[in-house]
Amino acid sequence: MKKASVKKTGVKKAGVKKAGVNTDTARPAARSVGIADLTERQAATELKALAVEISRHDAAYHGEDAPTITDAAYDSLRKRNEAIEKRFPGLKRADSPSKKVGAASATGFNKLRHTVPMLSLGNAFTDEDVKDFIERLRRFLDLDADETVEMTAEPKIDGLSFSARYENGRLAVAATRGDGAEGEDITANLRTIKNMPGFLMGEVPKVIEIRGEVYMTKADFAALNAAQGTKGGKVFANPRNAAAGSLRQIDPSITAARPLKAFTYGWGEVKGMDWKTQWDFLQSLKAWGFSVNPRARLCSSLSGMLKEYRKLGEDRAALAYDIDGMVYKVNRLDLQRRLGFVSRAPRWAIAHKYSAERAETVVESIEVQVGRTGTLTPVARLRPVNVGGVVVSNATLHNEDEIARKDIRAGDTVVIQRAGDVIPQVIEVLMAKRPRDSTPYRFPDKCPACGSRAVREEGEVACRCTGGLICPAQAVERLKHFVSRNAFDIEGIGEKNITGFFEDKLIESPADLFTLERRAGRAKLTAREGWAEKSIDNLFAAIEQRRAISLERVIYGLGIRQVGQATARLLAQAYGSFGAWRKAMIAAKDKDSETYRELINIEQIGESVADDLVAFFAEKRNGAILEALARELTVADFDQPDASGSPIAGKTVVFTGTLEAMSRGEAKARAQSLGAKVAGSVSRKTDLVVAGFGAGSKLKEAAGLGVKVLTEQEYLTLIGGK
Ligand code: IVH
């Protein structure tokens, strides 16, 4: 990578944008004629149309982080283009998509020229395609039938590729792929990624360009989107777009605040070192301090490769991050060198793709749900459709602006996408299939549950019901939150029961749970459908068990806007007791008071959270709820962590699988109180993985990284009932 004559790309931006916006409605070229039947004239016309269409999709994908067609449709366009060129080599155009990789940069970054071009990969969609690929390369190398070719099988990470140049072991400069020849200078941004070393460990080459993929985990993506939604920021369509959007920020402090990670797998220019195999190179990457995907394998046969492909496919949904295939690479570098490149891709590697977890279906209606703090969230009710093995019948539409931007209407045929745990999303409306009589969706100006006015505060994307405590939908959602796992964790009272109890006025506010037995007695409950003596016993016992509860669970359980588990813990830690906390929150109403200043001084609690706390306490009925709770509960004072002598103080712990003796939330809290950091995914920084029942991919990752794994029982023994 070399700095190109500091060239900003602002001019290109307008052109790319226009192309991207129009793709939704663009008419695809007629592709009904089989390739064998094409006349030379038809072929020339189609190649021209394909060049325009593919470059437009490239621009939308790479330039704007906003793909406008499915990956499968895009791949089939490229495949057809290549097949026509194969039949009519003389018609290959100067602007043929087969000569290009992606689009030129479209933002205001400086450009960097790649010393060694960043190429792409050929695709295989079936086992047969992989077999052909192996046969092709064996023929090319003229190998005897009994000679095996070892191949690596590496997950194909669905992120954003980068090249990072290290000089004498120090990160010097980094770029995105761009069009393969020239990318954008993202040095400052890449430096903010925690698992990208600034300095390499051990023996290092004089110069090495490391190539890999920046990505965001599915969980981090969901959390980022939720936070963006509340802040009125950009909501991303999928983790890849979120990673790309976060990496390509002019201000690196924004990138730093985003949960980006990187996996590395390749190299560009190298001076002063070499390897014999791809596998050895992957080991060097780890030794230097990079993250290498723990699912990479070395295979010695086609059947071995296909087995790994299928195993990874089975685990795909459970992986923490999105993958879209398996990349097979010839392991021996001397063979790689002999094989070389063809067009835009190496002959020694291929990407075996998984079918995209996307599907087409119809939006039957658009409904608005009311959340516990009054946020109105539009939801598309879909004609049920199977997406990657899961039947999907709802998709989130995020907010009013998102519906308007995509112009989603009832009756529309849409492409939906499901990525692991992420709530299904509508990716695109298929305009050609829109019914003639369709009308744009109008967002309600009243709460669908209580009829109160719905308003949008300035600068916010979320529309809120102003009904507050009179809104039954909000009340039910608050109750559901109160009994949920990380709050009061009351077993035996599911979401459905809460709604039923609320409608029958048996439980209207949290404290009612604790007076239920006194007020309603057994008779009233046994009369209800589905409630046998035994389940009533269990419910009452579960409620009784929670009368004695920790302060942080109570604070979290109240469902105050912006007060999640972490904030609840901070508050509990800061105020110590239920009484002291309540007193302080009431006194904090006066913004000039010492109490208010103390509140906003707590690390990670800003004015916005403080204002929501004050607003909650200013509401008379909330005061009454707290009074009633105080009468019923025994709230334990916050247990200040005494990390001295703790065997896990300062260690990073990951919990996985189902734990028996405690909930995940509790396990986390206990570990934190013993001075440990709790992480969601396994990395080199993990010291300990605690594996419960049914633990899967994290366990394998731990094994791959050599991280210590304990059963729940062993862990409990280690912390010695602390
Ligand atoms: S190897 C010569 N390995 O997929 C190109 N690529 O569709 C060598 N990718 O451009 C690429 N995971 O951005 C390789 N384990 C992996 C990968 C991977 C993701 C991306 C990469 C590449 C694209 C090709």
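The values are calculated or read from the model by the stated rules, or taken from the named source; none is laboratory data. Note that the structure is predicted; figures quoted are calculated from it, not measured. Quick reminder, even Gly has a Cβ in these numbers, built from the backbone with ideal geometry, and neighbours come from all protein chains shown. Ligands, DNA and RNA are excluded from the accessible area calculation, which covers all protein heavy atoms including side chains. Shrake-Rupley method; radii C 1.70, N 1.55, O 1.52, S 1.80 Å.
Structure above, values below:
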item	result
Residue within the range 617-625 that is assigned to a helix (DSSP H, G or I) and touching a Pro at 6+ places or on another chain (Cβ under 8 Å) present	yes
Selection status of residue 599, closer than 19 Å to residue 488 by Cβ and either open to solvent by less than 20 Å² (accessible area, probe 1.4 Å) or at pLDDT 90 or above (or both)	no
Which numbered condition residue 562 fails, given (1) open to solvent by 40 Å² or more (accessible area, probe 1.4 Å); (2) not in a loop (DSSP other than H, G, I, E, B)	(2)
Criterion violated by residue 385 - all others in (1) modelled with pLDDT under 95; (2) surrounded by fewer than 16 Cβ atoms within 10 Å (Cβ to Cβ); (3) not polar (S, T, N, Q) satisfied	(2)
Answer from 284, 291 - the residue that is touching a residue at least 60 places away in the same chain (Cβ under 8 Å), at negative phi and of a type in the set (S, T, N, Q)	291
Subset of the range 106-133 that is farther than 18 Å from residue 329 by Cα and of a type in the set (Ser, Thr, Tyr) - its residue that is surrounded by the fewest Cβ atoms within 10 Å (Cβ to Cβ)	115
Any helices (runs of 4 or more DSSP H) falling wholly within the range 485-558 and containing at least 2 residues that are exposed (fewer than 14 other Cβ atoms within 10 Å of the Cβ)	495-503, 512-526, 533-545
Within the range 332-367, tally of residues that are aliphatic (A, V, I, L, M), within 11 Å of the ligand (Cβ to nearest atom) and in contact with a Lys or Arg (Cβ under 7 Å, 6 or more places away or on another chain)	2
Residue 152 modelled with pLDDT of 90 or more and closer than 30 Å to residue 397 by Cα	no
Single condition residue 210 does not satisfy, out of (1) within 16 Å of the ligand (Cβ to nearest atom); (2) touching a Pro at 6+ places or on another chain (Cβ under 6 Å)	(2)
Test result for residue 302, more than 22 Å from the chain's Cα centre (by Cα) and farther than 30 Å from residue 562 by Cα	yes
Residue list for the range 614-640, restricted to those being within 30 Å of residue 674 (Cα to Cα) and open to solvent by 70 Å² or more (accessible area, probe 1.4 Å)	634, 637, 639, 640
Scope the range 357-395; condition in contact with a strand residue (DSSP E or B) (Cβ under 7 Å, 6 or more places away or on another chain) and not in a strand (DSSP E or B); matching residues	357, 371, 374
Residue 460 being in contact with a Pro (Cβ under 9 Å, 6 or more places away or on another chain) and open to solvent by 20 Å² or more (accessible area, probe 1.4 Å)	no
Any chance residue 218 is surrounded by fewer than 16 Cβ atoms within 10 Å (Cβ to Cβ), more than 16 Å from the ligand (Cβ to nearest atom) and in contact (Cβ under 8 Å) with a residue 60 or more places away in the chain	no
Sole exception among (1) buried (at least 21 other Cβ atoms within 10 Å of the Cβ); (2) within 16 Å of the ligand (Cβ to nearest atom) for residue 195, by number	(1)
Residue within the range 647-663 that is at negative phi and modelled with pLDDT under 75 present	yes
The one condition in (1) touching a strand residue (DSSP E or B) at 6+ places or on another chain (Cβ under 8 Å); (2) more than 19 Å from residue 334 (Cβ to Cβ) that residue 234 fails to fulfil	(1)
Criterion: on the phi < 0 side of the Ramachandran plot and surrounded by fewer than 18 Cβ atoms within 10 Å (Cβ to Cβ) - qualifying residue of 377, 373	377
Residues (open to solvent by less than 30 Å² (accessible area, probe 1.4 Å), more than 16 Å from the ligand (Cβ to nearest atom) and touching a residue at least 24 places away in the same chain (Cβ under 8 Å)) located in the range 177-192	185, 189
Matching residues in the range 349-400 - criterion: being polar (S, T, N, Q) and within 30 Å of residue 325 (Cβ to Cβ)	355, 361, 386, 393, 394, 396
